[in-house]
């Protein structure tokens with residue numbers, strides 16, 4: 001516990017105004033009300049972590065909060081996990097920059113939830129203990145399936161972490177005036193403390209608090225924007241178009257060109273240029289939801305399958321409500337932020353903190369420094385809760401799927417497993433900080449869509465077919481999962497996002513920004529093809545085990561006993 005207290009003291013020091021101002025050398029860039037609100041939040045969450053650390057002694061408590069979370073609590077925690085920096089900062093920024101096209105993220109992030117509710121939630125809870133690989137590998141050879149799921153899960157987690165760290169770095173940079181690299185490092189340290197000592201119990205309660213605060217902030221901001229325009233959606237669109245035209249004219253555009261570019265925010269094609277890219281991105285957002293390891297992991301924190309279904313119902317309601325609000329927040333930012341020179345650099349014309357900060361600037365526009373400070377603290381809570389869940393998911397993948405299930409063949413040393421989990425947390429925090437600095441200029445919503453693409457191409461096909469298709473085999477799941485993940489990663493690197501924007505090439509080898517249109521069908525195809533042609537002894541056992549798996553997944557018989565081991 002003394003180690004925890006020393007680490008907490010370091011994190012609290014970094015969160016103070018003095019440390020922030022020292023990092024910049026002056027106080028000119030700092031927002032004092034924002035810093036005070038931020039420091040209060042840090043203190044509260046450190047208290048939660050201290051409380052949770054006293055209750056976290058076993059692997060079940062570290063990974064799954066001992067299975068003692070209620071459906072309503074878990075629904076809020078899932079919503080907190082899902083309403084990430086990509087949702088609050090990224091989607092608002094996309095709508096601010098491109099208008100209509102940003103809404104594909106709002107709808108895409110939401111429509112994956114019926115798949116989880118009707119196909120996965122109950123079966124997953126009945127088959128698994130800590131990770132989705134428990135369910136995917138239930139009747140198969142453990143090593144091949146868990147190795148492939150580890151590769152895909154860590155890839156998803158790293159892409160997702162990049163987005164959160166970029167959003168966090170830009171937020172803290174704007175809030176404190178702290179250099180971006182130091183800001184990302186601060187978030188990495190806070191994330192490490194929360195997960196390292198509090199585990200899933202601390203992560204769950206940070207997510208619940210963050211979800212309540214974020215929903216409250218977004219509701220107030222939406223109400224303030226609608227009040228400003230007289231609660232008229234016609235006025236919302238017309239004033240947004242007028243604001244965009246004024247911005248274009250200020251940039252030197254002719255009247256006709258400015259009017260045409262302004263009207264473009266009400267039509268598709270600004271951000272997503274062709275139908276193939278739109279379909280591919282939509283597939284990633286819809287099916288990737290059902291393959292996110294940190295979200296699927298939450299179904300093991302509840303006591304039974306009925307509570308898992310209840311969790312999804314609560315989560316769907318809160319998430320759907322929140323995404324309706326991002327629509328107004330994004331267009332409100334165009335009106336109240338886009339034409340206000342206060343929020344832009346006088347020399348470069350760029351938005352202070354980058355375009356990802358559009359929602360934060362809107363908070364200041366409607367509520368002043370104090371409300372901006374509160375929203376900034378909530379946005380930090382948003383990022384912190386998500387990166388904590390991601391890091392915990394990555395730690396469980398290494399320690400549970402690799403060490404406990406593969407290396408120790410299901411008979412691990414609990415103390416060694418917990419120690420390995422905490423070492424993994426430290427390693428992931430370092431990697432997240434490095435990647436967050438490297439991808440500073442990327443839009444956070446788009447970076448998350450790449451994580452969704454890998455999840456849709458690998459985890460989702462493996463999980464769905466392993467639970468619902470009798471003829472699925474170990475080889476099929478292992479090769480299909482690995483093929484989907486690897487294809488998604490390679491095509492992402494060859495796409496305009498990486499090949500052109502990051503590596504500086506003149507033209508992308510793969511023309512579509514999201515690879516899901518190719519990689520997801522390929523993942524399903526490889527699982528089907530290899531399973532159908534597999535005539536090995538192992539394959540015969542895989543097929544024979546389907547009936548026992550189906551009974552367990554549909555009824556839950558044996559699930560309670562397994563989860564208590």
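The values are calculated or read from the model by the stated rules, or taken from the named source; none is laboratory data. What you see is a predicted model, and the numbers here were worked out from it, not measured in a lab. Using ideal geometry, Cβ is built from the backbone for each residue, glycine included, and neighbour counts are taken over all protein chains shown.
At a glance:
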item: When residues of the range 113-137 are limited to those that are at pLDDT 85 or above and not in a helix (DSSP H, G or I), the one farthest from the chain's Cα centre (by Cα); result: 137
item: Boolean, residue 91 is surrounded by 24 or more Cβ atoms within 10 Å (Cβ to Cβ), more than 29 Å from residue 441 (Cβ to Cβ) and within 13 Å of the chain's Cα centre (by Cα); result: no
item: Matching entry among 331, 300, 343 (being touching a helix residue (DSSP H, G or I) at 6+ places or on another chain (Cβ under 6 Å) and free of Cβ contacts under 8 Å to residues at least 24 places away in the same chain); result: 343
item: Those residues of the range 328-354 which are surrounded by fewer than 20 Cβ atoms within 10 Å (Cβ to Cβ) and either touching a strand residue (DSSP E or B) at 6+ places or on another chain (Cβ under 7 Å) or farther than 18 Å from residue 245 by Cα (or both), in sequence order; result: 342, 344, 345, 346, 347, 348, 350, 352
item: Qualifying residue in the range 82-102 (condition: touching a residue at least 24 places away in the same chain (Cβ under 8 Å), part of a loop (DSSP other than H, G, I, E, B) and under 18 Å from residue 474 (Cα atoms)); result: no
item: Residue in the range 306-325 that is touching a helix residue (DSSP H, G or I) at 6+ places or on another chain (Cβ under 6 Å) and outside any helix (DSSP H, G or I) present; result: no
item: Within the range 238-280, tally of residues that are surrounded by 13 or more Cβ atoms within 10 Å (Cβ to Cβ), more than 27 Å from the chain's Cα centre (by Cα) and not in a helix (DSSP H, G or I); result: 1
item: Helices (runs of 4 or more DSSP H) fully within the range 473-565 counting 1 or more residues that are within 19 Å of residue 287 (Cα to Cα); result: 474-494, 516-533
item: Residue match in the range 32-50 (condition: at pLDDT 70 or above, out of contact with any helix residue (DSSP H, G or I) (no Cβ under 8 Å at 6 or more places or on another chain) and exposed (fewer than 15 other Cβ atoms within 10 Å of the Cβ)); result: yes
item: Leading residue by the ranking (modelled with the lowest pLDDT) among those in the range 524-537 that are more than 15 Å from residue 468 (Cβ to Cβ) and surrounded by 14 or more Cβ atoms within 10 Å (Cβ to Cβ); result: 534
item: Test: residue 469 is over 19 Å from residue 394 (Cβ atoms), surrounded by fewer than 21 Cβ atoms within 10 Å (Cβ to Cβ) and touching a helix residue (DSSP H, G or I) at 6+ places or on another chain (Cβ under 7 Å); result: no
item: Condition check for residue 214: assigned to a helix (DSSP H, G or I), in contact (Cβ under 8 Å) with a residue 12 or more places away in the chain and surrounded by fewer than 24 Cβ atoms within 10 Å (Cβ to Cβ); result: no
item: Any hit, the range 394-406, residues being under 15 Å from residue 192 (Cβ atoms) and either assigned to a helix (DSSP H, G or I) or in contact (Cβ under 8 Å) with a residue 24 or more places away in the chain (or both); result: yes
